[in-house]
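The values are calculated or read from the model by the stated rules, or taken from the named source; none is laboratory data. No experiment lies behind these values; they were computed from the predicted model shown. Don't worry about glycine lacking a Cβ; one is built from the backbone with ideal geometry, like all the others, and counts go over all protein chains shown. With ligands, DNA and RNA removed, areas are computed over all heavy atoms of the protein, side chains included. Shrake-Rupley method; radii C 1.70, N 1.55, O 1.52, S 1.80 Å.
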Amino acid sequence: MKILLTGRNGQLGWELARTLAPLGVLTAYDRTTLNLAKPDQIAAAVHSVKPDIIVNAAAYTAVDRAESERDAAFAVNAIAPGLLAEGAKRIGALLIHYSTDYVFDGAKETPYVEGDQPNPLNVYGRSKLAGEQAIGDVGGQYLILRTSWIYAARGRNFLLTILRLLKEKDELRVVSDQIGAPTFAGALANATAKLLQQFDPTALGNARGTYHVTAVGHTSWYGFAAEIARLERTRREIRIVPIPSDEYPLPARRPKNSQLSNEKLLRRFGVALPTWQVSLKACHAELREGKRLSSGA
């Protein structure tokens, strides 16, 4: 089985390179070798590799900057997925693409299901929704996996920001009225590999469509930060103060409810992620082990 992976050096892409490598011949591209903002590079990569599966983990993820860089966000998040879908269809390959909870406006009080009407609040969400629609319009074999609140032991994310601030500040003020499922990129990569281990590309293609895949459970950004602080066990006394969203204004509006129901994925494929607390503990342990090894302890 030949697999083409984009976004090799991103949070999710790095984890996917690890989990997908044992499954076949993996060709993994980062932004320096495959720039998704350049259509000719997309076509050339697909033609060169002729993969059975394309896994698109590359994305424009600067949510706030996207408000002023609409064209850049749409080039990578909307146009490129459609081109990847066209390339996959031409060679009979399966496309696996990752999307986001930000396609919803957060007005619903219960977890979103795949059939709920999207209504993005920001440019990033609109670009990701346009990417979903472009893939669907091509009509090939695809799985769109919507996830939320991704973090990892590398890159730029909420976990690493909070760990840094715990060393620098005596008080952290964290939004408490946005609810979602913090999802470890490693757990999402493991779930993706499990899908490919248990089902061949044809079977997955026959089940084409959109599936939600997040950690089990939910919390607020405040709850996420509090759990990070508990695991870190810092010696200093640090206050974590819950605040409403309007006390932490950002260029891009965020949905208040980012909960996604994972029932469709579990029912169709028997795949589920661990709870967000279990995954956070695993990622935190990975970080601590990395520090121990780097220090020679």
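For residues that are open to solvent by less than 40 Å² (accessible area, probe 1.4 Å) and touching a helix residue (DSSP H, G or I) at 6+ places or on another chain (Cβ under 7 Å), tally how many sit in the range 222-245.
Within the range 222-245, residues that are open to solvent by less than 40 Å² (accessible area, probe 1.4 Å) and touching a helix residue (DSSP H, G or I) at 6+ places or on another chain (Cβ under 7 Å) number 9.
Looking only at residues that are more than 30 Å from R288 (Cβ to Cβ) and without any contact (Cβ under 8 Å) to a residue 60 or more places away in the chain in the range 246-262, which one is most open to solvent (accessible area, probe 1.4 Å)?
D246
If A85 meets every condition in (1) crowded, with 19+ Cβ neighbours inside 10 Å; (2) among the aliphatic types (A, V, I, L, M); (3) assigned to a loop (DSSP other than H, G, I, E, B) apart from one, which number is that one?
The number of the failed condition is (3).
How do the pairs read when you match residues in the range 23-38 that are in contact (Cβ under 8 Å) with a residue 60 or more places away in the chain with residues anywhere that are not in a loop (DSSP other than H, G, I, E, B), using Cβ under 9 Å and keeping only pairs 6 or more apart or on different chains?
L23/I3; L23/I53; L23/A193; L23/L196; L23/Q197
Report, by residue number, each residue of the range 88-98 that is part of a loop (DSSP other than H, G, I, E, B) and open to solvent by 20 Å² or more (accessible area, probe 1.4 Å). Outline the logic, then answer.
Here is the first cut: in the range 88-98, the ones part of a loop (DSSP other than H, G, I, E, B) are 92-93.
Result: G92, single match.
Hey, does the range 111-118 have a residue that's in contact with a helix residue (DSSP H, G or I) (Cβ under 6 Å, 6 or more places away or on another chain), crowded, with 22+ Cβ neighbours inside 10 Å, on the phi < 0 side of the Ramachandran plot and in a strand (DSSP E or B)?
no
When residues of the range 66-110 are filtered for being touching a residue at least 60 places away in the same chain (Cβ under 8 Å) and either basic (K, R) or at negative phi (or both), how many remain?
17
Test A153 against the criterion of being closer than 25 Å to V103 by Cβ and either touching a residue at least 40 places away in the same chain (Cβ under 8 Å) or buried (at least 20 other Cβ atoms within 10 Å of the Cβ) (or both), and give yes or no.
no
Answer yes or no as to whether A43 is in contact with a Leu (Cβ under 9 Å, 6 or more places away or on another chain), at pLDDT below 95 and not polar (S, T, N, Q). First the steps, then the outcome.
On the way: in contact with a Leu (Cβ under 9 Å, 6 or more places away or on another chain): yes; at pLDDT below 95: yes; not polar (S, T, N, Q): yes.
Criteria met by A43.
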